[in-house]
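What follows is one structure encoded as structure tokens, with my remarks underneath.
The numbers here are math on the coordinates, done by the rules we state, and not lab data. These figures come from a predicted structure and were not determined experimentally. All Cβ positions, even for glycine, are placed from backbone atoms using ideal geometry, and neighbour counts span all protein chains on display.
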Amino acid sequence: MSLTDLFGETADVVPQGVSLQRSVFSMEEISRQFTMIAEVLALSPPFRPCMRNGTPFGHDISNCGALGWISDTRGYRYSRRHPETGVAWSPIPAALRDAAMAAAARAGVADFVPDACLINLYGPKGRMGLHQDRDEADLTCPIVSFSLGADAVFALGGLERRDPVSRFTLRAGDVLVLHGPSRLRFHGVDRLRPASGPRHAILPEGGRINLTFRRAG
Ligand code: MD3
Ligand code: FE
């Protein structure tokens, strides 16, 4: 499986449980999303998580929703409160939540109601190593991801770390839904193309915002 094999014109086999929805949002909708994210970040400021061994992540995060994903020297988990301010996360803006539910429906998943939205804020050199998302209570619920800002080369593997990886570009306005047998695929972000995509004051140097909507509790 190569990049174009997976989602290019010649693709004839798209793995089950992967729904890549290109250019779902217009530039106007993306600017409204940036505004909603800026409002969330004003109440829940971006912070830099670290791994259990104390190594800091390469990018800042924040959350909205009843639960937010955090990581520190006690490990990964969901929390009802911001780890630095102690304040509860703000609700997922209704327009974002509705768009995530609609994306899940287009992927064939009915009744997805997210209770957590992780906001990843990548600087120009941002990347994310290959990992699985398995901190959520019910792993049969999908993950819906919105890409905003700069393009990123995304890596999608299989259910074992050693499985082959396909790479493809995620651009602003693209939506990815991972569900069913693909929910536990290894995945990561190789690199950004910082000069690409719509700019926003949230990431002045040319960065990328990724929203992942989850059912965490
Ligand atoms: C494939 N974020 O926050 S989103 C993450 O682009 C994360 O910032 C990446 O991985 C980013 O955990 C990727 C797309 C995505 C999200 C969840 C997945 C792909 C996935 C779960 C399973 C397989
Ligand atoms: Fe992930």
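Each of 79, 20, 154 was scored by the projection of its Cα onto the charge dipole of the stretch 3-214, and the greatest displacement toward the positive side belongs to 79; charges sit on the C-beta of Lys, Arg, Asp and Glu.
The loop-placed trypsin sites (Lys or Arg not before Pro) in the stretch 96-174, going by DSSP, that have at most 12 neighbouring Cβ atoms within 10 Å of their Cβ come out as 125, 134, 161, 162.
Computed over the chain, relative contact order equals 26 percent, with contacts defined as Cα pairs under 8 Å that lie 6+ residues apart. Along each principal axis, taking the top coordinate minus the bottom one, the Cα set of the chain gives 49, 35, 35 Å in descending order.
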